[in-house]
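What follows is a short report on a single structure.
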Amino acid sequence: MRSFQRLLFGLIVLLLVLGILAFVLENQQSVSLAFLGWSGPELPVSVLMVLTLLIGMLIGPVLGWILGRTSRVGRRRLV
């Protein structure tokens, strides 16, 4: 049973890697983003998407931690 779980996990990881590889290879067009007068360098669409994903993965938990902390502080003041 353990080897079946490893095989299934390996297959899922392989499919995920192949999907990411296909996405990167299909999105090689260079684009430049402009925001509030600031213009970024020309990068492939796939690089910008991956950077956006990573930034979101960092911001989400930080905001959750901050909001959770402030709600705990508010509950302590009520007690």
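The values are calculated or read from the model by the stated rules, or taken from the named source; none is laboratory data. Please read these numbers as outputs of a predicted model, since none were measured by experiment. Methodologically, a virtual Cβ is constructed for each residue, glycine included, from the backbone with ideal geometry; neighbour enumeration extends over all protein chains shown. In case anyone asks, the SASA skips ligands and DNA or RNA and just uses the protein heavy atoms, side chains included. Shrake-Rupley method; radii C 1.70, N 1.55, O 1.52, S 1.80 Å.
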Among the candidates LEU48, LEU53, LEU18, residue that is in contact with a strand residue (DSSP E or B) (Cβ under 9 Å, 6 or more places away or on another chain), modelled with pLDDT of 85 or more and part of a helix (DSSP H, G or I): LEU48
Residues within the range 23-44 that are open to solvent by 50 Å² or more (accessible area, probe 1.4 Å) and in a loop (DSSP other than H, G, I, E, B), tallied: 8
